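Trainee: Before anything else, here's the structure in question.
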Amino acid sequence: MNARIQHVELHAADDGLKPGDVMLNIENVSLSFGGVKAITDISFDIRKGEIRAIIGPNGAGKTSMLNVINGFYHPQQGTITFRGQARSRMQPHEAALSGIARTFQNVALFKGMSTLDNIMSGRTLKMNTNFFWQMLHVGPARNEEIAHRLKVEEIIDFLEIQAIRKTPVGKLPYGLQKRVELGRALAMEPDLLLLDEPMAGMNLEEKEDMSRFILDVNSQMGTTIALIEHDMGVVMDISDRVVVLDYGRKIGDGTPGEVKANQDVIDAYLGVSH
Amino acid sequence: MFYRESGQYKTTYESDQAIFPIREDRIGIAIIMAMALITPFIASEFILASIMIPFLILALGTIGLNVLTGYAGQLSLGTGAFMGAGAYACYKLATIFPDINIVVLILLSGVFSAGVGILFGLPSLRIKGLYLAVTTLAAQFFLEWCFIRIPWLYNYNASGAIEVPERRGFGDLILTGPSATATTRYYVVLAIVVVVTLVVKNLVRGRIGRQWMMIRDMDIAAELMGVRPLWAKLSAFAVSSYLAGVAGAMFVFFYLGAAEPSSFGISLSFQVLFMAILGGLGSLVGSFFGAAFIWILPIALRVGLPAVGVDVGAEIIFQIAQMAVGALIIFFLIAEPHGLARLWAIGKEKLRVWPFPYA
């Protein structure tokens, strides 16, 4: 194989759902920590192929919602149906196995590893040569490593981070770290990608880049995206539907236009005159 | 100038992912290997038996600890005991199967210490950091107790020690026992250490090593990428204590010749931990640096000080050497907390852009 990288398609798995079908359905979910209610009786759905924004003031329960979706928290009440299957207590690695990937609000990269290794780590679940081949690092183990490297290079090209391939991620500026984290999640080739404040702390150009990547991931790879974001301009521009939370309750749901016109949402963000 | 990466283009990922992708590194490692091979011809018996053999064995033990602490991020103070488990397992195996090649038995004895390691690694699923270190300390004391209190382990010897029996292999070469030559023992140790180091390198650069590092750097994100903490942590404990076990077995069979339970005490655990920290956690080459620093430097000082005219008696020389090593450890850790391996990496980076300060 020569320097030319053969083209590898990265895309979400075919799960029989058509764009627009409900992929993840959340029904009457409640979550509390002791006496503190983080989420109260929230229902909404995420449809295949859409960009779904979850917004709300600080402490509204947005991140808790993501944590429920990928199995870090187990809600006391309610059901979550992913691709038609209601799930019981799910562990994070099982969520990963079923095709849910995510990024974190505070970058959660593997600081001691290079950009390349970080993104390779997203391929963990797709690698399966056994311990003995791994010890020898020949035959299947080496071929597997190279095959996945090809996919990872696709992502590196897509995110335009070729120059920092071998740089330890701890040395990278914040904006690039966010980008590497997106790459790591993309390496899992998820069906559902959860982004927790992908634009936080970025300047305008970085936000524009990130928006472009999110839109491209959505349209080219067919990945369904749920994102939490505080930059309303970005949210209104790129998302198909928006759900608004406040104090753990849902106060609005619909297209960006509908949500913008919703009086409860305006009150939550701007306050109510007394 | 003489360490230049530029111009060495890689056209396959295979060559990019090689252990030594840079030509100068390959030349360097070839020279080091050649020197290691000719050492017995130019070095004295003392250098072979008292410096090189224990240095290589302890380097392997340090690699073992590095897998656990440096790569998987689980602090352990039980390395000495795991080395002991390997040594006693090898002693029993050599007693039960006198006809099997001792090298096979040494590699096999690591399996027993790996089992012990998994057992004492179980708390790591719940406990982290210093608290985990304390549970491994329990392993240290428990195993030491076993070495003293279970006479079966030392074949009911009146002295309570294990004495290495004479074993032959590879034709009729005497491999172990009092009449085995230092040269033979050195070559066997060198071969085992090189091969095992290569295997560990393969592990840490592949999927399994990445899983360990994922758990070390951010366990929550690791779980989300599909790593099962149970598997990742216990496999790190298993590999780590396997390596410690092999090192321990070699320590007795090729270096000490006879061992008591106190040979595998807490001081050995700390010695290996110092080697790992000073050499650089999460680095295989650092394990060799650390082992060399802690093992060879005191001997070099003890031999070297009288040679340059400082002659104040053996006892004082010994203490001066101890103090100097202690001071140097503190100095190096202040200068570079990530150990000698990081200094080495920085040096290579500087050479790469030399004579310019940065690229």
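FYI, it's all coordinate maths here, none of it is from the lab. Because the structure is a prediction, the values reported are computed rather than measured. Here Cβ is always computed from backbone atoms with ideal geometry, including for glycine, and neighbour counts include all displayed protein chains.
Trainee: Out of (1) more than 9 Å from chain B (Cβ to nearest Cβ); (2) surrounded by fewer than 19 Cβ atoms within 10 Å (Cβ to Cβ), what's the single condition that is false for A:Leu186?
Mentor: (2)
Trainee: Within segment A:194-210, work out how many residues are surrounded by fewer than 20 Cβ atoms within 10 Å (Cβ to Cβ) and either assigned to a helix (DSSP H, G or I) or among the acidic types (Asp, Glu) (or both).
Mentor: Looking only at that region, the number is 7.
Trainee: Additional query: In segment A:51-72, which residues are surrounded by fewer than 18 Cβ atoms within 10 Å (Cβ to Cβ) and at negative phi?
Mentor: Hits for segment A:51-72 are A:Pro57, A:Asn58.
Trainee: Next question, about the same structure. Just to check your reading of the model, which residue among B:Ile38, B:Ile29 is β-branched (Val, Ile, Thr), away from chain A (no Cβ under 14 Å) and within 22 Å of B:Ser287 (Cβ to Cβ)?
Mentor: Sole residue among the options that is β-branched (Val, Ile, Thr), away from chain A (no Cβ under 14 Å) and within 22 Å of B:Ser287 (Cβ to Cβ): B:Ile29.
Rundown of residues vs (1) more than 9 Å from chain A (Cβ to nearest Cβ); (2) within 29 Å of B:Leu333 (Cβ to Cβ); (3) surrounded by 24 or more Cβ atoms within 10 Å (Cβ to Cβ), yes/no style:
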residue	(1), (2), (3)
B:Ile192	yes, no, no
B:Asn202	no, no, no
B:Arg210	no, yes, yes
B:Asp217	no, yes, no
B:Ile220	no, no, no
B:Val252	yes, no, yes
B:Ser263	yes, yes, no
B:Phe270	yes, yes, no
B:Phe288	yes, yes, yes
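Trainee: Could you list all residues from segment A:65-81 that are polar (S, T, N, Q), without any contact (Cβ under 8 Å) to a residue 60 or more places away in the chain and within 22 Å of B:Ala221 (Cα to Cα)?
Mentor: Within segment A:65-81, A:Asn67 is the sole residue that qualifies.
Trainee: Considering A:Lys111, A:Lys166, which residue is surrounded by fewer than 19 Cβ atoms within 10 Å (Cβ to Cβ), more than 9 Å from chain B (Cβ to nearest Cβ), of a type in the set (Lys, Arg) and part of a loop (DSSP other than H, G, I, E, B)? Spell out the reasoning first.
Mentor: On the way: A:Lys111 fails: more than 9 Å from chain B (Cβ to nearest Cβ).
None of the others qualify; the one that does is A:Lys166.
Trainee: So which residues in segment A:69-96 are assigned to a helix (DSSP H, G or I) and either away from chain B (no Cβ under 14 Å) or more than 13 Å from the chain's Cα centre (by Cα) (or both), if there are any at all?
Mentor: Selection gives A:Pro92, A:His93, A:Glu94.
Trainee: Considering only segment A:88-103, I want to know if a residue exists there that is farther than 22 Å from B:Leu230 by Cβ, touching a residue at least 24 places away in the same chain (Cβ under 8 Å) and surrounded by fewer than 18 Cβ atoms within 10 Å (Cβ to Cβ).
Mentor: The answer is no, given that none of the residues of segment A:88-103 is farther than 22 Å from B:Leu230 by Cβ, touching a residue at least 24 places away in the same chain (Cβ under 8 Å) and surrounded by fewer than 18 Cβ atoms within 10 Å (Cβ to Cβ).
Trainee: OK, next. Is it the case that A:Gly233 is within 14 Å of chain B (Cβ to nearest Cβ) and outside any strand (DSSP E or B)?
Mentor: For A:Gly233, the condition - within 14 Å of chain B (Cβ to nearest Cβ) and outside any strand (DSSP E or B) - is not met.
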